[in-house]
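Below you'll find the structure, written out as structure tokens, and then a few comments.
The values are calculated or read from the model by the stated rules, or taken from the named source; none is laboratory data. All values derive from a computational prediction rather than experimental measurement. Ideal geometry is used to build each Cβ from the backbone, glycine not excepted, and the neighbour counts take in all protein chains shown. Calculation scope for accessible area: heavy atoms of the full protein, side chains included, ligands and nucleic acids excluded. Shrake-Rupley method; radii C 1.70, N 1.55, O 1.52, S 1.80 Å.
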Amino acid sequence: MTERNASGNETVFDAVVVGAGPSGLAMALLLARHGFSTALVAPDMPADDDRTTALLESSVEMLRALELWDRIAPFTAGLRHMRIIDGTNRLIRAPEVVFDASELKLEAFGFNIRNRDLNRELAAAAAQHEGLQRRNARFVGMTLEGAAAQVRLDTGETLTASLVIGADGRGSPVRAAAGIKARDWRYPQAALILNLDHDLPHNSHSNEFHTPTGPFTLVPLPGRSSSLVCVESPEGVERLKELDDAALSAELERRARSILGKMRVSGARQVYPLGGLSAERMGQARCALVGEAAHVFPPIGAQGLNLGLRDVAALGEILVAARLRGEDLGADAVLARYEKARRPDIASRTAAVDLLNRSLLSDMVPVQALRSFGLYVASRVPPLRRMMMREGIAPMLARPKLMRGLSLG
């Protein structure tokens, strides 16, 4: 139960989740649904994010377990086929490779959704959950007092909790307050992100062209629409961004080799410099990190949010088990188990995405040959291709219970 002190200015919770993006909302809902008194702290933000997210099969499984998928599914498009096309025009080129979800006996590898639709549905579910309290406020700091953290908000209110969960993005104030350092790096690239309407059906195909400046990726949306992530040099992205709609549509259709017919830019254009971040620890000082507060890397292979949702599922599993043992949720031993559970997955995913991205930028023939050979083998050896597909969705050894259809108890 939530309690108030005599002054009425302090409220006690099991956990305070800071940040109301998809990872924060999912974390707060998971905890509330499993009986933890939970506060979600974040200011109201405009829901105009035109980006999209591909929710891979393991993330969908978790959303089903939390009884959220039925409200999200109507706004998604399935990713049943994933095609990789070498568009580098270099001396050594990889063969075209098509991965098919049916080889894994899956309906789809995942489902693509506009972020504004995903955030809206998760926020609506959070607002309807009686065990979850929302504070439309900003986190301004915290102090430790005995077996609790005192979380200060810009409204003047103080929340007391056993555990504070930072789901507050790359610049995470929670991470800073906990004294957790992060390694930050940049790439000589930027991403132009927008949505397109097109004349031909996408037939649930995701198409990723590997180019000398980075991936050019088209991912299905409902109807005859797709989302685009075009990775270029910062200068190249600025040139594209300045084109009018007709000229930009024609240029993107050319780069896509007209595989979806005539294209038309739909909605806003967004530009993001590419870089990565890795927190040195997943938690300390009664704080745990999830999502981009803990790790960031380029928009390649639909790994970002899916990695964050594995953080959410793993931390939820660890906290439910800790409560059953009568442990302090914010204890060092509990946070150490979370670190152990997540570090291998995060380290391997970060390294793999970084290596793939840098291999596209490299002019070294041995690097090009190695990338091409890997895709050639994947196209010719079915057991290896299936293993790559399974691991691309989520590593089997790192899948928390909720992502394997199991109850947390």
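Okay, here's what the table says:
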{"quantity": "Mean Kyte hydropathy of 0.5 or more with a Cα span along the axis of at least 24 Å, helices from DSSP in the chain", "calculated": "304-324"}
{"quantity": "Reachable lysines from K181, criterion Cα separation under 27 angstrom, eight or more residues apart if same chain", "calculated": "K340"}
{"quantity": "Accessible area per residue in Å² at 1.4 Å probe, computed on region 50-140", "calculated": "45"}
{"quantity": "Inter-label distance for A124 and L200, nm, one decimal - labels placed 7 Å from Cα along Cα-to-Cβ", "calculated": "3.5"}
{"quantity": "Residue order for E235, E121, E327 - accessible surface, 1.4 angstrom probe, largest first", "calculated": "E235, E327, E121"}
{"quantity": "Added length on full extension, which subtracts the Cα-Cα distance from 0.36 nm per residue, A347 to R64", "calculated": "99.2 nm"}
{"quantity": "Solvent exposure ordering (accessible area, 1.4 Å, most first) of E67, E96, E61", "calculated": "E67, E96, E61"}
{"quantity": "Estimated [θ] at 222 nm from DSSP helical runs (n ≥ 4, -39500 (n - 2.57)) normalised by residues in the chain, nearest 500", "calculated": "-11000 deg cm²/dmol"}
{"quantity": "Residue-normalised accessible area of region 179-338, expressed per residue, 1.4 Å probe, Å²", "calculated": "37"}
{"quantity": "The chain - percent of accessible surface contributed by carbon and sulfur, probe 1.4 Å", "calculated": "54"}
